[in-house]
Structures are given as structure tokens and as C-alpha cells.
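**Q** Dumping the structure here so I can ask a few things about it.
The values are calculated or read from the model by the stated rules, or taken from the named source; none is laboratory data. Here the structure is a predicted model, which means the values were calculated and not measured. Don't worry about glycine lacking a Cβ; one is built from the backbone with ideal geometry, like all the others, and counts go over all protein chains shown.
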Amino acid sequence: MAVEIKVPALGESIVEATVGKWLKREGDSVNAGEPVVELETDKVNIEVMAEGSGVIESIVKNEGENVSIGDTIGTISVNGSAAASASQGQNQPTPAPQAEPAEAAEPTTAPTQPETEDRETAPSQQQADDRATPASPVAKKMAADQGVDLRDVTGSGPGGRITKDDVAARGQGGQTSQPPVAKPQQQPAATQPAAQPQPAPAKAAPKPAAAPAASDRPEERVRMSRRRQTIAQRLVEAQQTAAMLTTFNEVDMTAVMEIRKRRKDAFKERHGVGLGFMSFFTKAVIGALKAFPYLNAEIQGDEIVVKRYYDIGIAVGAEEGLVVPVVRNADRKSFAQLEREIVDLATRAREAKLTLSDLQGGTFTITNGGVFGSLMSTPILNTPQVGILGMHKIQERPVAVNGQIEIRPMMYLALSYDHRIVDGSEAVRFLVRIKELLEDPENLLLEG
């Protein structure tokens, strides 16, 4: 009996996915509940589990193909027939070495008789050999279509099971083995003047000569993951649908760094997490959003929806692309709670363990290019949000303080905003408010 591997429900608003990676191949055994394939969606990757134990009988959808909810992407043979035939193929040779040594001479003559009969009764014997040869259904069909004898194919699957790749490789080998047959035909023709057309290959020689030049310009084609496609689409849409503008300022990080240096050990001992910069910036952003609420809004049709809650997205650079998990109700959380949640979300993002609920929503986003050494950038809006704050590298620079030149740890800040509902003066004052809160962190207790 075969059990179909189907695309499960992927989450709210997600109706399509891409087959990212098959974790099992045709002929592989699998246990119920074991992941067999990984699907890529717009936001997260989802593993599809086997609904029964058995053997992967067929793979219907290959890696890179798009699938919809409910589509059949493969089948599992749960009666173990394929595994049984493979195990029989392994067990049959083992009794022979275990035969009694005294009778070893008798079996050596016995197989010689069936060999002669084999040639006389080829059709019936070939059917028996096909049954004894472990091969997947797809491999058998390919062998029949290409005229490949499965007895001549060496299986690379479990228990010597022949896969479609083995048949394809043998089929290619069969084609390359044809030229030697043509050579004996050319020898008698060599006595005739018609043998002179052989210089034609000499004219084709320049083609191989061009190959080294191509090797000097190597190229690689990499399939764009569904997440990367979605990121590209949304970033282009953000620039096409929003009147995006960026304003800059700089902040003196002396006060924040002094607090971290003075309190970090006690903070970690008490709360079990380090005191980073992100909690300070999250608090400062919330304080500024309360003062300028249109930066915590979105446009829906001809209306502006101003949100009185603060779900702050934290951009994280993961291996498969940028993701923005959300810290919900950030205004109600302490520094320690913010640090714990941000660290947890970032860790799970890099391990591809985020859920869809971790990525949904968000009213404002913070991105920190400074961890990669960025000194200044213009972040792109995470639509439908109308504001995003870009943090950058902390760099010591000479600044004028009360008429004196001092070396201070400075950071450039960038605020990209949707000019359709946020005026330039409002954006500038928003960024100045963040600067004021960070340069006098005591205000964060009152404003953040």
C-alpha cells in the first residue's frame, strides 16, 4: 500500500511553496513522523513528516518546483515490499558462504547448468532476474523506456537498490559505448577513397580549443530561494509604492556605553542575559513613537491607521535571507525581557526555527548594519510600515563639546519613512528625540 506525501497547510495567507530539499531519496527507508522533505515558503521553511513507515517509492515533485496546498509530491510504500526485496537480495548471497565446506564442490557445478539454460530460456529467466533485482518503480520504467537491462546496472541505493539516477547513468554509458562499435566499420571503409571525409573532425578541433577560454570565466547558477524571491519582490514594491525618504543624525554613545560597562556584570548575573544596545534603542524608539504616532501607523486605502500598541520588528540577517521577527508589546517589557526575547528571536532566525507567528505583524522596524561594519546606509521600508530606523557602527571621532575637541564614540542613525503621511519636519524631530533619549538614558525610564 502506498501513502501519498502531500503539501500540508502552510499558515495564514500562504497558499504556495517551493520544494527546497528532499531529505530522503527513492528507495530510502523512512519511519512515521520522520521528516522527508523541506518546503520553502515566503517566510519560513517547513519540514513535511512521513505519515507511515516504509520506503520512499516515488518523488513526484523535484527540488525547485512550486507546489500548492494539497499537492502530492511523493509516495511511501508502507508495506515494505521494496525494502523486503532489497533485504532478500542482500540475504540470498549470505547462505552461500555459510554452506558446508565438504559440499563446496557440488554447488560449483550446479550453477553452470542454469547458465546454459539461461541462454535458451532468456525471456522467462529475464523476468525472474528483474524480480530479483531491487529497483524503484521509476527506475524500472526508465530502464524499459531506454532499453537498459537492469542486470547490467549497479545500484547505489540501500541494499543495492537501483535508483533512477543509476539507470540514467547507465543509459548515458550505453550511448558512449556505441562509438567503439563504429570503429570496426570504419576499418574496411579505410580501403576506399571515401575514408577521406575523416578530416571533418579536424575542422571541429577549434571548438575544444575555445573551451579553455570559457574556463577562465567561470559562472555558477544558483536557484533563488522562495524567501529571497519574496524579499526582492517586497523591496521593489516598497520603493515603487511608497514615497520613501531618508534623514540622518548622529548620537553620542558615551552615556549608554558607560552604563553598560558599569552594570553589565550585575545585569547578567541577575537576569542571565547580557545588556546589549538593542534594548536601549528599542526603548528610545518607543519613546519617540509615542511622541510622533504617525510613524507607528500604516495606510489602508484612503485612511491612516494609527496603532496604539508597539510591536517592534528586529531585522536579522540569516543564511537564507533577511527576516524580521517581531517583539510584541515591547513597551510593556523591561530591559531584561527585551534582551532575552531579542536574543531568542535572533538565535532561532539563524537556526531557521522561527514560526510564522514570529514574523507576522510589526508596527516599526529596527535594523543594525553596524554589526557588519556599516558606517552609513539608507534602510528600505518594511511595508506596510511607514518607518524604519537604521543603526550603524560605533566609531570614535573628534567632536566639539563645550568648546573643546574630544574623542567620543559616535554612531550615525538613519530614518527612512513614507513621506505620504510623515512630513520631513516630523521625521527629523523623531530622530532628534531618539538621539536625546540615548544621550541621556535616564529619560528612557520615563519616556520608553
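**Q** Among the residues of the range 421-431, is any outside any helix (DSSP H, G or I), farther than 26 Å from GLN300 by Cβ and at pLDDT 95 or above?
**A** If we filter the range 421-431 for residues that are outside any helix (DSSP H, G or I), which is where we start, we get 421-423.
Next, only the ones that are farther than 26 Å from GLN300 by Cβ stay: none.
Checked the range 421-431: no residue is outside any helix (DSSP H, G or I), farther than 26 Å from GLN300 by Cβ and at pLDDT 95 or above.
**Q** Return yes or no: is ALA238 part of a helix (DSSP H, G or I) and at pLDDT 90 or above? Show your work before the answer.
**A** Details: part of a helix (DSSP H, G or I): yes; at pLDDT 90 or above: no.
For ALA238, the condition - part of a helix (DSSP H, G or I) and at pLDDT 90 or above - is not met.
**Q** Okay, moving on. Those residues that are over 11 Å from ASP252 (Cα atoms) and surrounded by 12 or more Cβ atoms within 10 Å (Cβ to Cβ), I need them from the range 402-418; list them, please. If you could, list the steps in order and put the result at the bottom.
**A** Let us first name the residues in the range 402-418 that are over 11 Å from ASP252 (Cα atoms), namely 402-406, 414-418.
Within the range 402-418, GLU406, ALA414, LEU415, SER416, TYR417, ASP418 meet the criteria.
**Q** Go through the range 385-411 and count every residue that is under 30 Å from GLU298 (Cα atoms) and either assigned to a loop (DSSP other than H, G, I, E, B) or of a type in the set (A, V, I, L, M) (or both).
**A** Pass one, the range 385-411, residues under 30 Å from GLU298 (Cα atoms): 385-393, 411.
Narrowing further to those that are either assigned to a loop (DSSP other than H, G, I, E, B) or of a type in the set (A, V, I, L, M) (or both): 385-386, 388-389, 391-393, 411.
Total satisfying the criteria: 8.
Rundown of residues vs (1) in contact with a helix residue (DSSP H, G or I) (Cβ under 6 Å, 6 or more places away or on another chain); (2) free of Cβ contacts under 8 Å to residues at least 40 places away in the same chain; (3) among the hydroxyl-bearing types (Ser, Thr, Tyr); (4) assigned by TED's automatic domain parsing to the domain that holds ASP418, yes/no style:
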{"position": "ILE299", "(1), (2), (3), (4)": "no, no, no, yes"}
{"position": "VAL324", "(1), (2), (3), (4)": "no, no, no, yes"}
{"position": "PHE335", "(1), (2), (3), (4)": "yes, no, no, yes"}
{"position": "GLU341", "(1), (2), (3), (4)": "no, yes, no, yes"}
{"position": "ARG350", "(1), (2), (3), (4)": "no, yes, no, yes"}
{"position": "GLY369", "(1), (2), (3), (4)": "no, yes, no, yes"}
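**Q** Suppose we filter the range 14-59 for residues that are under 20 Å from the mean Cα position of the chain (by Cα) and of a type in the set (Gly, Ala, Ser); how many remain?
**A** Final tally of qualifying residues: 2.
Residue by residue, here is whether (1) polar (S, T, N, Q); (2) at pLDDT 65 or above; (3) touching a Gly at 6+ places or on another chain (Cβ under 7 Å) holds:
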position: THR18; (1), (2), (3): yes, yes, yes
position: ALA50; (1), (2), (3): no, yes, yes
position: GLN88; (1), (2), (3): yes, no, no
position: PRO101; (1), (2), (3): no, no, no
position: GLU106; (1), (2), (3): no, no, no
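**Q** Okay, moving on. Which of the residues spanning the range 133-149 are more than 13 Å from GLY27 (Cβ to Cβ) and surrounded by fewer than 17 Cβ atoms within 10 Å (Cβ to Cβ)? So that I can check it myself, show each step before the final result.
**A** Narrowing the range 133-149 to residues more than 13 Å from GLY27 (Cβ to Cβ): 141-149.
Across the range 133-149, the qualifying residues are LYS141, ALA144, ASP145, GLN146, GLY147, ASP149.
**Q** While we're on this one: When you go through (1) surrounded by fewer than 15 Cβ atoms within 10 Å (Cβ to Cβ); (2) touching a residue at least 60 places away in the same chain (Cβ under 8 Å) one by one for VAL251, which number turns out not to apply?
**A** Of everything listed in (1) surrounded by fewer than 15 Cβ atoms within 10 Å (Cβ to Cβ); (2) touching a residue at least 60 places away in the same chain (Cβ under 8 Å), VAL251 misses just condition (1).
**Q** When the range 410-438 is examined, which residues are found to be among the aromatic types (Phe, Trp, Tyr) and under 36 Å from the mean Cα position of the chain (by Cα)?
**A** Within the range 410-438, TYR412, TYR417 qualify.
**Q** Which one of these does ILE286 not meet: (1) aliphatic (A, V, I, L, M); (2) farther than 23 Å from ASP423 by Cβ; (3) modelled with pLDDT of 95 or more?
**A** (2)
**Q** Let me ask another. How many residues are polar (S, T, N, Q) and either out of contact with any Gly (no Cβ under 8 Å at 6 or more places or on another chain) or surrounded by fewer than 21 Cβ atoms within 10 Å (Cβ to Cβ) (or both) when one looks only at the range 385-399?
**A** Residues in the range 385-399 being polar (S, T, N, Q) and either out of contact with any Gly (no Cβ under 8 Å at 6 or more places or on another chain) or surrounded by fewer than 21 Cβ atoms within 10 Å (Cβ to Cβ) (or both): 1 in total.
**Q** Could you grab me the full set of residues in the range 301-322 that are surrounded by fewer than 19 Cβ atoms within 10 Å (Cβ to Cβ) and touching a residue at least 60 places away in the same chain (Cβ under 8 Å)?
**A** Scanning the range 301-322 gives ILE304, GLU320, GLY321, LEU322.
**Q** Any idea which residue in the range 193-224 is farthest from the chain's Cα centre (by Cα), counting only those that are modelled with pLDDT under 75 and in a loop (DSSP other than H, G, I, E, B)?
**A** Within the range 193-224, the first condition is being modelled with pLDDT under 75, and the residues that meet it are 193-215.
Of the ones still in play, those that are also in a loop (DSSP other than H, G, I, E, B) are 196-199, 205.
Numbers: GLN196: 56, PRO197: 53, GLN198: 51, PRO199: 51, ALA205: 43 Å.
The qualifying residue farthest from the chain's Cα centre (by Cα) is GLN196.
**Q** Which condition from (1) in a loop (DSSP other than H, G, I, E, B); (2) surrounded by fewer than 16 Cβ atoms within 10 Å (Cβ to Cβ) is the one that ASN382 breaks?
**A** (2) is the only condition that ASN382 fails.
**Q** So, in the range 275-300, of the ones that are small (Gly, Ala, Ser) and within 16 Å of SER425 (Cα to Cα), which residue ends up surrounded by the fewest Cβ atoms within 10 Å (Cβ to Cβ)? Steps first, please.
**A** Just the residues of the range 275-300 that are small (Gly, Ala, Ser), to begin with: 276, 279, 284, 287-288, 291, 297.
Right, trim to within 16 Å of SER425 (Cα to Cα) and you get 288, 291.
Values: ALA288: 26, ALA291: 15.
Result: ALA291.
**Q** Out of (1) among the β-branched types (Val, Ile, Thr); (2) touching a residue at least 40 places away in the same chain (Cβ under 8 Å); (3) farther than 28 Å from ALA243 by Cα, the odd one out for VAL401 is which?
**A** (2)
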